[in-house]
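Take a look at the structure set out below.
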Amino acid sequence: MVRLVMPAMSAEASGTLGGALVFSNWKRLAYGRIHVIPKNKKTIPQKTVRSVLGTIAKAARVVLTLAKDTPITGKGSQFFLDGNSKAPTGNSWISWLQQVTYANFASLVVAFGELTTVAALYEDAADTLGMSAYTDKMLESHTAGEQLYILASFASASLGYVGFAAGIDEATAPQLATFDTYLTTSTA
């Protein structure tokens, strides 16, 4: 970045000049740059990425984090703590969740759609947690149970959660109740 001493022949300048240049200050240093109007195209690939990341973020809201935790305990759920401790350096647990889950999101949605009785158990467990369905940018609906399934997949594959003896596709009601506790109960 170029440091400007007398931008536009003045002691200080801010704003747009002729729709081509922008002058401003950053940390009391004057600078100029080319005026760029950001584009927010609503292309299919952009909508797809926003849909996937939005669904994952909606699912992650159920996780008890420090921000939602009571001041008495001062900690989050075990899922939150495991995510923070195992996330790669420079990543938050949620960005890591999104990176890992984005790659296999479509296969997780298809796998959940193929479940029958177990899908109903996920829906019941998600309802107990107060989770709700989410309609993404592509106008596709993702049930609360599907979102819980996505979190279960991440916990099993990336966090080392071993609460599903036969895997997440064979989960039982007691196993899902234990997983709910893993997601939402603060560790004191």
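The values are calculated or read from the model by the stated rules, or taken from the named source; none is laboratory data. Only a predicted model underlies this, so the values are computations on that prediction, with no experimental measurement involved. Don't worry about glycine lacking a Cβ; one is built from the backbone with ideal geometry, like all the others, and counts go over all protein chains shown.
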Would you confirm whether or not segment 64-75 contains a residue that is at pLDDT 80 or above, closer than 30 Å to S153 by Cα and surrounded by 13 or more Cβ atoms within 10 Å (Cβ to Cβ)? yes
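So that you can scan it fast, the table gives a plain yes or no per residue for (1) among the aromatic types (F, W, Y); (2) loosely packed, with under 15 Cβ neighbours inside 10 Å; (3) at pLDDT below 95:
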{"residue": "G130", "(1), (2), (3)": "no, yes, yes"}
{"residue": "M138", "(1), (2), (3)": "no, yes, yes"}
{"residue": "L148", "(1), (2), (3)": "no, no, no"}
{"residue": "A152", "(1), (2), (3)": "no, no, no"}
{"residue": "A155", "(1), (2), (3)": "no, no, no"}
{"residue": "Y161", "(1), (2), (3)": "yes, no, no"}
{"residue": "D169", "(1), (2), (3)": "no, no, no"}
Only one of these conditions is not met by S92: (1) outside the structural domain of G163 (by TED's automatic domain parsing); (2) at pLDDT 85 or above. Which number is it? (1)
Regarding segment 130-142, can at least one residue be identified that is in contact with a helix residue (DSSP H, G or I) (Cβ under 8 Å, 6 or more places away or on another chain), over 23 Å from S85 (Cβ atoms) and of a type in the set (S, T, Y)? yes
Condition first: in contact (Cβ under 8 Å) with a residue 40 or more places away in the chain and over 17 Å from K58 (Cα atoms). Now tell me which residues in segment 105-118 satisfy that. A111, L115, V118
Does T48 satisfy the condition of being of a type outside the set (G, A, S) and touching a residue at least 40 places away in the same chain (Cβ under 8 Å)? yes
Please work out which residue is farthest from S158 (Cα to Cα), limiting yourself to segment 103-122 and to residues that are part of a helix (DSSP H, G or I) and of a type in the set (S, T, Y). T117
Please indicate, with yes or no, whether at least one residue in segment 87-99 is touching a Pro at 6+ places or on another chain (Cβ under 8 Å) and surrounded by 17 or more Cβ atoms within 10 Å (Cβ to Cβ). yes
Among the residues of segment 156-169, which ones are within 13 Å of A125 (Cβ to Cβ) and of a type in the set (A, V, I, L, M)? I168
For D180, are the conditions met, namely being over 15 Å from the mean Cα position of the chain (by Cα), closer than 14 Å to R61 by Cα and in a helix (DSSP H, G or I)? yes
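Among the candidates S51, S107, which residue alone is modelled with pLDDT of 90 or more, assigned by TED's automatic domain parsing to the domain that holds G163 and exposed (fewer than 13 other Cβ atoms within 10 Å of the Cβ)?
Working: S51 fails: exposed (fewer than 13 other Cβ atoms within 10 Å of the Cβ).
Selected residue: S107, the only one of S51, S107 that is modelled with pLDDT of 90 or more, assigned by TED's automatic domain parsing to the domain that holds G163 and exposed (fewer than 13 other Cβ atoms within 10 Å of the Cβ).
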